[in-house]
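To start, the structure itself, in C-alpha coordinates.
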Amino acid sequence: MQCQRHLLRANVLIESNEAFEEIHGIFHFTGTLVVYQRDNEVYHAVSKARYSTPSEIRVEHLSHNLLIPVSAYCPPWRPEFTRAPDPLPCNTHTKTPRLISYDGLHRGPQPNYIADSILDEVGVCEVLKRNPHSNIARYLGCQVSDDRITGICFAKYSSTLTETVNPGNYMKWQSRSVRRKGEDYSHLLRGVESGCELDGVGRTYEWYDEDVQFATPQNDFDALDEIRAWLGDESKAFRFDE
(Lines give C-alpha, C1' and ligand atoms only; values in the text may rest on other atoms or scores of the structure.)
Protein backbone atom coordinates (compact mmCIF):
# COMPACT_ATOMS: atom_id res chain seq x y z
CA MET A 1 0.00 0.00 0.00
CA GLN A 2 1.40 3.36 -1.02
CA CYS A 3 0.42 5.30 2.10
CA GLN A 4 -0.24 8.92 1.15
CA ARG A 5 -0.97 9.99 4.73
CA HIS A 6 -3.69 12.52 3.96
CA LEU A 7 -6.06 12.91 6.91
CA LEU A 8 -9.73 12.03 6.68
CA ARG A 9 -10.40 13.55 10.09
CA ALA A 10 -9.73 10.57 12.40
CA ASN A 11 -8.83 8.35 9.45
CA VAL A 12 -5.74 7.99 7.27
CA LEU A 13 -6.00 7.71 3.50
CA ILE A 14 -3.87 4.84 2.21
CA GLU A 15 -4.65 4.97 -1.50
CA SER A 16 -7.25 6.16 -3.98
CA ASN A 17 -8.02 5.54 -7.62
CA GLU A 18 -10.58 6.76 -10.13
CA ALA A 19 -12.96 4.16 -11.57
CA PHE A 20 -14.31 4.19 -15.12
CA GLU A 21 -16.87 2.12 -17.02
CA GLU A 22 -16.97 1.63 -20.76
CA ILE A 23 -20.37 2.55 -22.19
CA HIS A 24 -20.88 2.30 -25.97
CA GLY A 25 -17.14 2.45 -26.53
CA ILE A 26 -16.57 5.50 -24.32
CA PHE A 27 -15.10 5.40 -20.81
CA HIS A 28 -17.15 7.31 -18.22
CA PHE A 29 -16.10 8.22 -14.68
CA THR A 30 -18.12 6.21 -12.14
CA GLY A 31 -16.52 7.12 -8.83
CA THR A 32 -13.39 7.27 -6.71
CA LEU A 33 -12.24 4.11 -4.95
CA VAL A 34 -10.67 4.74 -1.56
CA VAL A 35 -8.71 2.61 0.89
CA TYR A 36 -8.28 4.13 4.34
CA GLN A 37 -7.25 3.18 7.85
CA ARG A 38 -9.29 3.80 10.98
CA ASP A 39 -7.46 2.92 14.18
CA ASN A 40 -5.84 -0.44 13.31
CA GLU A 41 -8.40 -1.51 10.71
CA VAL A 42 -8.35 -0.96 6.95
CA TYR A 43 -11.45 -0.24 4.85
CA HIS A 44 -12.38 -0.06 1.18
CA ALA A 45 -14.96 2.59 0.24
CA VAL A 46 -16.42 4.49 -2.72
CA SER A 47 -17.05 8.18 -3.34
CA LYS A 48 -19.19 9.48 -6.20
CA ALA A 49 -17.11 12.66 -6.30
CA ARG A 50 -14.03 13.35 -8.40
CA TYR A 51 -11.02 15.03 -6.79
CA SER A 52 -8.10 17.12 -8.00
CA THR A 53 -5.90 15.84 -5.16
CA PRO A 54 -6.34 13.05 -2.59
CA SER A 55 -6.31 15.66 0.19
CA GLU A 56 -9.81 16.74 -0.91
CA ILE A 57 -11.36 13.39 0.07
CA ARG A 58 -13.58 13.52 3.16
CA VAL A 59 -14.98 10.63 5.14
CA GLU A 60 -18.53 11.97 4.77
CA HIS A 61 -18.19 11.46 1.00
CA LEU A 62 -17.65 7.72 1.39
CA SER A 63 -20.14 4.88 1.07
CA HIS A 64 -19.99 1.09 0.83
CA ASN A 65 -17.39 0.97 3.62
CA LEU A 66 -15.97 -2.54 3.54
CA LEU A 67 -13.65 -3.86 6.26
CA ILE A 68 -10.61 -5.59 4.74
CA PRO A 69 -9.44 -8.44 7.00
CA VAL A 70 -5.72 -8.62 7.67
CA SER A 71 -5.68 -12.20 6.35
CA ALA A 72 -6.64 -10.86 2.91
CA TYR A 73 -3.41 -8.91 2.41
CA CYS A 74 -0.89 -9.96 5.09
CA PRO A 75 -0.16 -13.69 4.78
CA PRO A 76 1.48 -15.62 7.64
CA TRP A 77 5.28 -15.46 7.64
CA ARG A 78 7.06 -18.78 7.16
CA PRO A 79 10.37 -19.74 8.80
CA GLU A 80 11.89 -20.63 5.42
CA PHE A 81 11.48 -17.01 4.28
CA THR A 82 14.18 -14.40 4.83
CA ARG A 83 13.25 -11.82 7.44
CA ALA A 84 14.24 -8.24 6.60
CA PRO A 85 16.69 -6.46 8.94
CA ASP A 86 15.17 -4.52 11.82
CA PRO A 87 15.67 -1.63 11.66
CA LEU A 88 15.70 -1.47 7.89
CA PRO A 89 18.70 0.08 6.14
CA CYS A 90 18.16 3.67 5.02
CA ASN A 91 18.18 2.87 1.31
CA THR A 92 15.34 0.35 1.41
CA HIS A 93 12.20 0.17 -0.71
CA THR A 94 9.36 -1.72 0.97
CA LYS A 95 6.78 -3.06 -1.47
CA THR A 96 3.34 -3.34 0.12
CA PRO A 97 0.11 -4.61 -1.45
CA ARG A 98 -2.37 -2.33 -3.15
CA LEU A 99 -5.89 -3.00 -1.92
CA ILE A 100 -7.88 -0.87 -4.35
CA SER A 101 -9.23 -3.99 -6.12
CA TYR A 102 -10.41 -5.71 -2.93
CA ASP A 103 -14.08 -4.78 -3.39
CA GLY A 104 -14.21 -7.08 -6.41
CA LEU A 105 -12.01 -9.79 -4.93
CA HIS A 106 -13.95 -10.35 -1.72
CA ARG A 107 -17.04 -11.41 -3.67
CA GLY A 108 -15.13 -13.86 -5.84
CA PRO A 109 -13.75 -17.37 -5.35
CA GLN A 110 -10.35 -16.07 -4.13
CA PRO A 111 -10.94 -13.42 -1.44
CA ASN A 112 -7.35 -13.89 -0.23
CA TYR A 113 -5.86 -13.53 -3.72
CA ILE A 114 -3.68 -10.57 -2.65
CA ALA A 115 -2.16 -12.48 0.27
CA ASP A 116 -1.65 -15.58 -1.88
CA SER A 117 0.10 -13.46 -4.53
CA ILE A 118 2.45 -12.07 -1.90
CA LEU A 119 3.46 -15.60 -0.90
CA ASP A 120 4.09 -16.44 -4.56
CA GLU A 121 6.22 -13.32 -5.01
CA VAL A 122 8.23 -14.00 -1.87
CA GLY A 123 8.91 -17.51 -3.16
CA VAL A 124 10.29 -16.03 -6.40
CA CYS A 125 12.35 -13.50 -4.42
CA GLU A 126 13.90 -16.28 -2.35
CA VAL A 127 15.01 -18.02 -5.56
CA LEU A 128 16.47 -14.77 -6.90
CA LYS A 129 18.25 -14.17 -3.59
CA ARG A 130 20.10 -17.46 -4.11
CA ASN A 131 20.71 -16.61 -7.77
CA PRO A 132 21.32 -12.83 -7.89
CA HIS A 133 21.54 -10.87 -11.12
CA SER A 134 22.67 -7.30 -11.70
CA ASN A 135 19.48 -6.42 -13.60
CA ILE A 136 17.13 -7.64 -10.86
CA ALA A 137 16.48 -5.76 -7.60
CA ARG A 138 18.30 -7.16 -4.55
CA TYR A 139 15.81 -8.76 -2.17
CA LEU A 140 16.38 -8.05 1.53
CA GLY A 141 13.58 -10.12 3.03
CA CYS A 142 10.07 -9.83 4.44
CA GLN A 143 8.91 -7.12 6.78
CA VAL A 144 6.99 -8.92 9.52
CA SER A 145 4.53 -7.79 12.20
CA ASP A 146 2.57 -10.14 14.48
CA ASP A 147 3.95 -13.08 12.47
CA ARG A 148 2.41 -11.74 9.24
CA ILE A 149 4.16 -10.39 6.14
CA THR A 150 3.44 -6.66 5.83
CA GLY A 151 5.91 -5.87 3.05
CA ILE A 152 8.67 -7.16 0.79
CA CYS A 153 11.93 -5.24 1.11
CA PHE A 154 14.44 -4.47 -1.63
CA ALA A 155 17.64 -2.45 -1.79
CA LYS A 156 16.73 0.92 -3.24
CA TYR A 157 18.45 1.90 -6.45
CA SER A 158 20.88 4.82 -6.36
CA SER A 159 19.73 5.92 -9.82
CA THR A 160 16.69 5.72 -12.05
CA LEU A 161 16.08 2.76 -14.35
CA THR A 162 16.96 4.88 -17.38
CA GLU A 163 20.23 6.04 -15.82
CA THR A 164 21.13 2.48 -14.83
CA VAL A 165 20.40 0.65 -18.08
CA ASN A 166 21.34 3.47 -20.41
CA PRO A 167 24.22 5.47 -18.88
CA GLY A 168 25.71 6.04 -22.31
CA ASN A 169 22.45 7.42 -23.72
CA TYR A 170 22.25 4.62 -26.26
CA MET A 171 19.54 4.57 -28.87
CA LYS A 172 16.45 2.43 -28.34
CA TRP A 173 17.77 -0.83 -29.85
CA GLN A 174 20.83 -1.06 -27.57
CA SER A 175 19.04 -0.06 -24.35
CA ARG A 176 16.15 -2.48 -24.84
CA SER A 177 18.48 -5.49 -24.77
CA VAL A 178 19.27 -4.94 -21.06
CA ARG A 179 15.67 -5.50 -20.03
CA ARG A 180 15.45 -8.58 -22.25
CA LYS A 181 18.51 -10.06 -20.51
CA GLY A 182 16.92 -9.53 -17.09
CA GLU A 183 13.67 -11.15 -18.22
CA ASP A 184 15.50 -14.09 -19.78
CA TYR A 185 17.30 -14.71 -16.49
CA SER A 186 14.18 -14.57 -14.31
CA HIS A 187 12.40 -16.94 -16.71
CA LEU A 188 15.39 -19.29 -16.59
CA LEU A 189 14.82 -19.54 -12.83
CA ARG A 190 11.14 -20.28 -13.50
CA GLY A 191 10.04 -16.92 -12.16
CA VAL A 192 7.70 -14.57 -13.99
CA GLU A 193 7.15 -10.90 -13.17
CA SER A 194 4.15 -10.40 -10.91
CA GLY A 195 2.64 -7.68 -8.81
CA CYS A 196 0.83 -8.15 -5.48
CA GLU A 197 -2.62 -7.33 -6.73
CA LEU A 198 -4.99 -8.73 -9.33
CA ASP A 199 -4.82 -5.69 -11.65
CA GLY A 200 -1.08 -5.15 -11.43
CA VAL A 201 0.55 -8.21 -12.91
CA GLY A 202 2.80 -6.09 -15.13
CA ARG A 203 -0.11 -5.43 -17.51
CA THR A 204 -1.15 -2.10 -19.00
CA TYR A 205 -4.30 -1.39 -21.00
CA GLU A 206 -3.72 -1.83 -24.76
CA TRP A 207 -0.28 -3.38 -24.10
CA TYR A 208 -1.23 -6.98 -23.30
CA ASP A 209 -3.40 -9.81 -24.56
CA GLU A 210 -6.67 -9.60 -22.60
CA ASP A 211 -7.34 -13.29 -23.28
CA VAL A 212 -4.27 -14.35 -21.28
CA GLN A 213 -5.21 -15.96 -17.95
CA PHE A 214 -1.83 -17.17 -16.68
CA ALA A 215 1.59 -15.56 -16.18
CA THR A 216 4.10 -17.07 -18.62
CA PRO A 217 7.44 -15.94 -20.07
CA GLN A 218 5.78 -15.57 -23.49
CA ASN A 219 3.57 -12.78 -22.12
CA ASP A 220 6.66 -10.64 -21.49
CA PHE A 221 8.15 -11.44 -24.88
CA ASP A 222 4.88 -10.56 -26.64
CA ALA A 223 4.84 -7.23 -24.79
CA LEU A 224 8.43 -6.57 -25.91
CA ASP A 225 7.37 -7.20 -29.51
CA GLU A 226 4.59 -4.63 -29.04
CA ILE A 227 7.16 -2.13 -27.79
CA ARG A 228 9.35 -2.85 -30.82
CA ALA A 229 6.41 -2.14 -33.14
CA TRP A 230 5.57 1.06 -31.27
CA LEU A 231 9.19 2.21 -31.47
CA GLY A 232 9.10 1.91 -35.23
CA ASP A 233 10.14 -1.62 -36.19
CA GLU A 234 8.29 -1.92 -39.50
CA SER A 235 8.76 -5.70 -39.48
CA LYS A 236 6.49 -5.91 -36.42
CA ALA A 237 2.72 -5.40 -36.46
CA PHE A 238 0.72 -4.35 -33.41
CA ARG A 239 -0.64 -7.46 -31.68
CA PHE A 240 -3.11 -6.04 -29.16
CA ASP A 241 -6.32 -4.12 -29.85
CA GLU A 242 -6.82 -0.54 -28.67
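The values are calculated or read from the model by the stated rules, or taken from the named source; none is laboratory data. It should be emphasised that the depicted structure is a prediction, and the values quoted were computed from it without experimental measurement. Heads up, the Cβs are rebuilt from the backbone with ideal geometry, glycines too, and the neighbour counts pull from every protein chain shown.
Overview of values
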{"item": "Criterion (without any contact (Cβ under 8 Å) to a residue 60 or more places away in the chain and assigned by TED's automatic domain parsing to the domain that holds R130) met by exactly one of P79, P89", "result": "P79"}
{"item": "Flag if L67 is touching an Asp or Glu at 6+ places or on another chain (Cβ under 7 Å) and either surrounded by fewer than 13 Cβ atoms within 10 Å (Cβ to Cβ) or free of Cβ contacts under 8 Å to residues at least 60 places away in the same chain (or both)", "result": "yes"}
{"item": "Number of the exception - V127 against (1) in contact (Cβ under 8 Å) with a residue 60 or more places away in the chain; (2) of a type in the set (A, V, I, L, M, F, W, C); (3) surrounded by 15 or more Cβ atoms within 10 Å (Cβ to Cβ)", "result": "(3)"}
{"item": "Residue within the stretch 79-91 that is closer than 30 Å to S159 by Cα and surrounded by 17 or more Cβ atoms within 10 Å (Cβ to Cβ) present", "result": "yes"}
{"item": "Single match in R138, R107 (criterion: without any contact (Cβ under 8 Å) to a residue 12 or more places away in the chain and surrounded by fewer than 16 Cβ atoms within 10 Å (Cβ to Cβ))", "result": "R107"}
